[in-house]
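S.K.: Once you've had a glance at the structure underneath, I'll fire off some questions.
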Amino acid sequence: MKKTILVVDDRERLCESLTQNFEEFGYQAFYATSGKDALDCYKNQNVHVVLLDIMLGEENGIDVLEKLLNLNKDLPVIMITGYA
């Protein structure tokens, strides 16, 4: 069974690139460009780990993190950012 990664970032091109790279290494990968889409994907897929941007356009990745952890407190989430 492949491990599944959910990439969450408001930059779709980055999401596409990362999911393609993860799939080349044998993972199943999905992406979402908003917090709502990320939560929907998490609820509908068997996600093992989330790569989550702190700044999601108008949304705050920390808020999305809290919602994800309310669904599964043991979910591994790696926070990323393009800001200093």
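The values are calculated or read from the model by the stated rules, or taken from the named source; none is laboratory data. All values reported here derive from a predicted model rather than from experimental measurement. In this analysis, Cβ positions are derived from the backbone assuming ideal geometry, glycine residues included, and neighbour counts consider all displayed protein chains. Surface areas here come from the heavy atoms of the whole protein model, side chains and all, with no ligands, DNA or RNA. Shrake-Rupley method; radii C 1.70, N 1.55, O 1.52, S 1.80 Å.
S.K.: Please compute the contact order of the chain in relative form: average sequence separation of alpha-carbon pairs under 8 Å and at least six residues apart, divided by the residue count, as a percent.
M.R.: That works out to 31 percent.
S.K.: Please report the spacing between the Cα centers of the range 59-83 and the range 1-51 in Å, no decimals.
M.R.: 13 Å
S.K.: Also, I was wondering about something else. Could you pull out every residue, at least 5 positions away or on a different chain, whose amide H is within less than 5 Å of the one on L51? Hs are placed 1.01 Å off N in the peptide plane, and Pro or chain starts have none.
M.R.: L6, V7, V8, I78
S.K.: Taking θ = phi - 60°, what integer Hz values does the Karplus form 6.51 cos²θ - 1.76 cosθ + 1.60 yield along the range 71-79, in sequence order, with x for Gly and Pro?
M.R.: In residue order, the calculated couplings are 7, 7, 5, 9, 5, x, 10, 9, 8 Hz.
S.K.: With every protein chain left in place, what is the accessible area per residue of the chain in square angstrom, probe 1.4 Å?
M.R.: On a per-residue basis, the chain sits at 64 Å².
S.K.: Could you give the size of the charge dipole of the chain about its Cα centre, using +1 on the Cβ of each K and R and -1 on the Cβ of each D and E, expressed in debye and rounded to the nearest 20?
M.R.: 320 debye
S.K.: Could you sort L56, L71, L14, L39 by their accessible area in this structure, using a 1.4 Å probe and putting the largest first?
M.R.: In descending accessible area the options line up as L71, L14, L39, L56.
S.K.: Would you calculate, for the chain, the mean residue ellipticity at 222 nm contributed by helices, counting each DSSP H stretch of 4 or more residues as -39,500 (n - 2.57) and dividing by all residues, to the nearest 500?
M.R.: Here the helix-only value at 222 nm equals -12500 deg cm²/dmol.
S.K.: Considering only protein heavy atoms and a 1.4 Å probe, what is the carbon-and-sulfur percentage of the accessible area of the chain?
M.R.: The computed percentage sits at 50.
S.K.: Test of understanding: express the Cα radius of gyration of the chain as a ratio to 2.2 N^0.38 Å, with N the residue count.
M.R.: 0.99
S.K.: Pull up the DSSP beta bridges for the chain and report the antiparallel fraction as a percent, rounded to 5.
M.R.: Roughly 15 percent of the beta bridges in the chain run antiparallel, per DSSP.
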